[in-house]
Amino acid sequence: MSNPTAFASGKRVPRPRRGSVYRGDAGMWSWVAHRITGVLTFFFLFAHVLDTALVRVSPQAYNTVIETYKNPVVNLFEVGLVAAVLYHALNGIRVMLVDFWASGARYQRMMLWVVVGIWLVLMIPGVYFMLQRTVSVMFGSAS
Amino acid sequence: MTAAFDPPATRGIEAPRAPKRRVGGRRGTNFEMYAWLFMRSSGIALVILVLGHLLIMNVLDGGVHRINWGFVAGRWSSPFWQIWDLVMLWLAEIHGANGLRVIINDYTRRDGTRFWLQLMLAASVVLVMSVGTLVIFTFDPTMS
């Protein structure tokens with residue numbers, strides 16, 4: 001037979017699905033997000049340990065640098081940091097459940113939506129408290 | 001036993017959960033399995049340590065706007081927060097460094113590139129852990 005995929009009946013074997021059940025699916029994107037949030041947090045940790053080290057130089061040096069954290073734009077980056085770390089923490093728990101819980105792999109997709117749900121529930125009040133001061137200073141009436 | 005496909009980009013890197021005994025009689029240390037286990041055990045601790053840290057420093061009671069030298073001095077006059085921050089620093093740095101080590105191994109193609117990136121990573125880990133530990137232990141809350 002010249003064509004190995006053709007049956008005697010003339011029907012063709014359906015082509016196998018390209019890639020895998022993993023590739024391009026929610027599980028892959030949760031892994032991508034886990035990597036990106038982890039790398040960003042690691043780079044922040046490098047800067048953060050060095051800026052905190054200024055407490056040992058002088059109170060003035062530390063206070064000058066820590067003022068930049070209170071800038072409205074940097075304040076937004078802090079929201080991003082908390083968002084990234086919170087996702088990494090929640091998805092990390094999901095990864096551990098997939099690894100150690102017998103039914104973990106079966107419920108991995110459902111657990112991702114639980115992760116997203118808890119993330120949203122915690123981020124909404126978190127963003128409010130983190131940006132409260134910045135928003136009231138920028139747009140609120142002077143007090 | 002046929003040898004597994006071993007592309008140049010990942011040569012010499014153990015597969016996760018690699019068996020203790022390796023082909024060729026070389027002594028294996030099962031390093032990747034312990035690294036895998038450390039990521040999970042440190043991860044559980046970091047969920048509490050880091051989320052607690054972020055909650056206190058960024059969210060509660062005005063968040064970042066109340067942080068200044070005096071605030072840090074007040075916290076580090078307590079051994080509880082000194083130990084909290086020390087354990088958090090060590091676990092987070094090793095956890096993050098191992099993550100970056102895996103990512104470097106995943107994406108570098110040339111041995112030389114991988115070597116220099118891993119060397120820079122190791123240097124940054126030594127710098128951050130020694131500076132951070134020194135600051136936590138030698139900080140004087142009564143200075144000026």
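In which sequence would B:Glu32, A:Glu78 go, from the one with the fewest C-beta neighbours within 10 Å to the one with the most?
Values: B:Glu32 16, A:Glu78 22.
With the sparsest Cβ surroundings first, the list reads B:Glu32, A:Glu78.
Screening chain B for whole DSSP H helices of 18 Å or more along their axis (Cα) with average Kyte-Doolittle hydropathy at least 1.0 returns B:31-54, B:111-138.
Take the Cα of A:Phe129, step 7 Å toward its Cβ, do the same at A:Trp113, and the gap between the two points is 2.9 nm. Once a ≥ b ≥ c are taken as the square roots of the eigenvalues of the Cα gyration tensor of the range B:32-138, is the result rounded (a/c under 1.5), prolate (a/b larger than b/c) or oblate (a/b not larger than b/c)? Verdict is prolate for the range B:32-138.
Our summary gives the range A:26-134 a relative contact order of 32 percent, counting only alpha carbon pairs under 8 angstrom and 6 or more residues apart.
Using r as the Cβ-Cβ distance of B:His65 and B:Arg109, and R0 as 41 Å, what FRET efficiency do you calculate, to the nearest 0.05?
Working: r = 46 Å, r/R0 = 1.12.
Efficiency, from the Cβ-Cβ distance: 0.35.
Just want the ordering: A:Phe42, B:Phe80, B:Phe71, from fewest to most Cβ atoms lying within 10 Å of their own Cβ.
Details: A:Phe42 21, B:Phe80 8, B:Phe71 12.
Going from least to most buried by this count: B:Phe80, B:Phe71, A:Phe42.
With neighbours defined as other Cβ atoms within 10 Å of a residue's Cβ, the residues B:Asp111, B:Asp61 order from fewest to most as B:Asp61, B:Asp111. Inter-chain neighbour count for B:113-121: the average number of beta-carbon atoms from partner chains within 10 Å of each residue's beta-carbon is 0. Counting only other chain Cβ atoms within 10 Å of each residue's Cβ, the peptide A:84-91 averages 3.
Dividing the radius of gyration of the alpha carbons in the protein assembly as shown by their Kirkwood radius gives 1.07 for Rg/Rh.
Bear in mind these aren't lab numbers, they're just calculated from the coordinates by the rules spelled out. In this text the structure is predicted, and so the values were computed from the model without any measurement. Every residue, glycine among them, receives a Cβ derived from its backbone with ideal geometry; neighbour counts consider all protein chains shown.
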